[in-house]
Amino acid sequence: MPPPIYRDGQEIKDGDRIRYYGDPGEVEFIVAHPTGDPSHDWYLEQFPGGGVMLNTESMGSVFVKRDDLDDSLELISRRPDVPAP
């Protein structure tokens with residue numbers, strides 16, 4: 001399964017600084033395929049399309065299913081050690 005993307009077509013990556021419904025935060029992890037980590041693979045079992053775990057300032061940790069990703073998730077910047085596409 002291809003990785004999830006932002007509305008502008010860029011791939012969502014761990015550590016991205018984001019804004020979700022206007023709330024600043026960060027991408028904690030992405031679930032797009034089995035990893036062998038039971039804590040991540042559980043999300044794939046529950047949500048077969050996978051998704052993205054976000055941590056935002058006011059909402060805390062929020063899992064967003066791939067099918068629910070929309071314009072409300074904006075990339076602000078990449079973590080410095082993550083190369084740009």
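The values are calculated or read from the model by the stated rules, or taken from the named source; none is laboratory data. Since we're looking at a predicted model, the values are computed, not measured. With ideal geometry, Cβ positions are generated from the backbone for all residues, glycine too; neighbour counts draw on all protein chains shown.
Answer yes if at least one residue in the range 23-32 is at pLDDT below 90 and surrounded by 13 or more Cβ atoms within 10 Å (Cβ to Cβ), and no otherwise. No, the range 23-32 has no match at all.
Scanning the range 6-47 for residues that are within 14 Å of Asp71 (Cβ to Cβ) and among the aromatic types (Phe, Trp, Tyr) gives Tyr6, Tyr20, Tyr21. The set of residues from the range 46-58 being touching a strand residue (DSSP E or B) at 6+ places or on another chain (Cβ under 6 Å) and without any contact (Cβ under 8 Å) to a residue 40 or more places away in the chain comprises Phe47, Met53, Leu54, Asn55, Thr56, Glu57, Ser58.
Taken over the range 1-19, the criterion of being acidic (Asp, Glu) and surrounded by 15 or more Cβ atoms within 10 Å (Cβ to Cβ) is satisfied by Asp16 alone.
Determine if the range 30-53 includes at least one residue that is aliphatic (A, V, I, L, M) and assigned to a loop (DSSP other than H, G, I, E, B). Yes. Filter the range 41-66 for residues that are more than 16 Å from Tyr21 (Cα to Cα) and acidic (Asp, Glu); which is surrounded by the most Cβ atoms within 10 Å (Cβ to Cβ)? It comes out as Asp41.
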